[in-house]
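Peer 1: Quick one: this structure, given as structure tokens, is what I'll be asking you about.
The values are calculated or read from the model by the stated rules, or taken from the named source; none is laboratory data. Please read these numbers as outputs of a predicted model, since none were measured by experiment. Positions of Cβ are backbone-derived with ideal geometry, glycine not excepted, and every protein chain shown enters the neighbour counts.
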Amino acid sequence: MFKLKKKDLLQVSDLTSEDLFHLFELAKGLKNRHKRGELSVPILKGKVLGMVFAKPSTRTRTSFEVAMLQLDGHALNLSAEGTQISRGETMADTGRTLSRYLDGIVIRTFEQKEAEELAKHSTVPVINGLTDLHHPCQALADFYTIWEKKGSFKGVKLAYFGDGNNVCHSLMQTANLLGVEMLVVTPKSCQPRKEILAKLKNGPKKINITTSPKVSLSNIDFIYTDTWVSMGQEEIKKQKKIFRPYQVNGRLLKNAPSKVMVMHCLPAHRGEEITKEVIDGPHSIVWDQAENRLHLQKALLAALL
């Protein structure tokens, strides 16, 4: 069984391109077994995963729980409100304690430093299930989906429309590792963080950023978008009207190749960042993305635990 060299996954840049391809191959094998009806693969028999969630979740929580169940392990939902974290216990002490009980931890929280502090003081693997800065599990499943659709990453071009948020950061890191050309189309006030751009390995040679939504999409393979307002930022986020020109709609798709595929990490707000006709239309591979969260996370858990 392939094992990741690093103990934790806190951001995509913790991995190498070799790690990514190993994970994709492992996910492919597990997905094929799932399709053949092999719903129980005893890779993690007796292992227990704790999930510390301070933010709501549908796909992350469900896919990790099902992944552990189907790998013959068990998952515990540990909401922040239901633990001593809500009463001020530090992430360091939480990590020290949970490491005595669990084989791995998924954390979904606000500050990246909280995930890093938990990992620093845990003796078991810690997986970032989402922070305000990164969403590595989403990006890994997304690029697995791209690989599944195209067969390779050679010549693949991805255009991202919307907020330069945590999903965008993780997509950029993954694209950079895989040599995928990525165009980030976002308002001037919502650019990706400068520290993320600065830390991209080898520099963002194939990542271009523009504020103009009227860009050429003639050679784009995938168009990606995300919600305009991230969780926990509803009160401080810029007014939605600045995002209107960046909506993924039928008019935008007319400027793209006929075989372009549209992606969204969900949850979607139809009529805002994407229209109903697009997300429910023939170009959408959104539900394949959502399904692949399960298979990629099975591979990730197997490689870490």
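Peer 1: Within the range 108-116, does at least one residue satisfy the condition of being without any contact (Cβ under 8 Å) to a residue 60 or more places away in the chain, surrounded by 22 or more Cβ atoms within 10 Å (Cβ to Cβ) and in contact with a strand residue (DSSP E or B) (Cβ under 8 Å, 6 or more places away or on another chain)?
Peer 2: yes
Peer 1: How many of the residues making up the range 228-256 are modelled with pLDDT under 95 and either part of a loop (DSSP other than H, G, I, E, B) or hydroxyl-bearing (Ser, Thr, Tyr) (or both)?
Peer 2: 12
Peer 1: Still on this structure, I have one more. I'd like the full set of residues that are charged (D, E, K, R) and free of Cβ contacts under 8 Å to residues at least 40 places away in the same chain, limited to the range 128-164.
Peer 2: Lys154, the sole residue that qualifies.
Peer 1: Still on this model: Mind checking whether some residue in the range 174-196 is in contact with a Lys or Arg (Cβ under 9 Å, 6 or more places away or on another chain) and either more than 22 Å from Phe222 (Cβ to Cβ) or among the polar types (S, T, N, Q) (or both)?
Peer 2: Among the residues of the range 174-196, at least one is in contact with a Lys or Arg (Cβ under 9 Å, 6 or more places away or on another chain) and either more than 22 Å from Phe222 (Cβ to Cβ) or among the polar types (S, T, N, Q) (or both), which makes the answer yes.
Peer 1: Out of (1) at negative phi; (2) in a loop (DSSP other than H, G, I, E, B), the odd one out for Gly46 is which?
Peer 2: It is condition (1) that Gly46 fails.
Peer 1: Looking at the range 84-100, is at least one residue farther than 16 Å from Ala119 by Cβ, of a type outside the set (Gly, Ala, Ser) and crowded, with 19+ Cβ neighbours inside 10 Å?
Peer 2: Checked against the condition, which is being farther than 16 Å from Ala119 by Cβ, of a type outside the set (Gly, Ala, Ser) and crowded, with 19+ Cβ neighbours inside 10 Å, the range 84-100 yields no hits at all.
Peer 1: Please go through (1) of a type in the set (Asp, Glu); (2) assigned to a helix (DSSP H, G or I); (3) touching a Ser or Thr at 6+ places or on another chain (Cβ under 7 Å) for Glu25 and return the number of the only condition it doesn't satisfy.
Peer 2: Condition (3) is where Glu25 drops out.
Peer 1: Restricting to the range 262-305, count the residues that are of a type in the set (A, V, I, L, M), over 23 Å from Leu44 (Cα atoms) and over 18 Å from the mean Cα position of the chain (by Cα).
Peer 2: Of the residues in that region, 3 qualify.
Peer 1: I've got another one for you. State whether one or more residues within the range 142-149 are surrounded by fewer than 18 Cβ atoms within 10 Å (Cβ to Cβ) and in the same structural domain as Gly179 (by TED's automatic domain parsing).
Peer 2: Yes, the conditions are met somewhere in the range 142-149.
Peer 1: Let me ask something additional. Being under 23 Å from the mean Cα position of the chain (by Cα) and at pLDDT below 95 is the filter here, so list the residues in the range 78-111 that pass it.
Peer 2: The answer is Leu78, Ser79, Ala80.
Peer 1: Considering only the range 279-305, how many residues are of a type in the set (Asp, Glu) and part of a helix (DSSP H, G or I)?
Peer 2: Here the count works out to 2.
Peer 1: Only one of these is under 15 Å from Pro125 (Cα atoms), in the same structural domain as Leu118 (by TED's automatic domain parsing) and either surrounded by fewer than 16 Cβ atoms within 10 Å (Cβ to Cβ) or in contact with a Gly (Cβ under 8 Å, 6 or more places away or on another chain) (or both): Leu49, Leu39, Leu69. Name it.
Peer 2: Leu49
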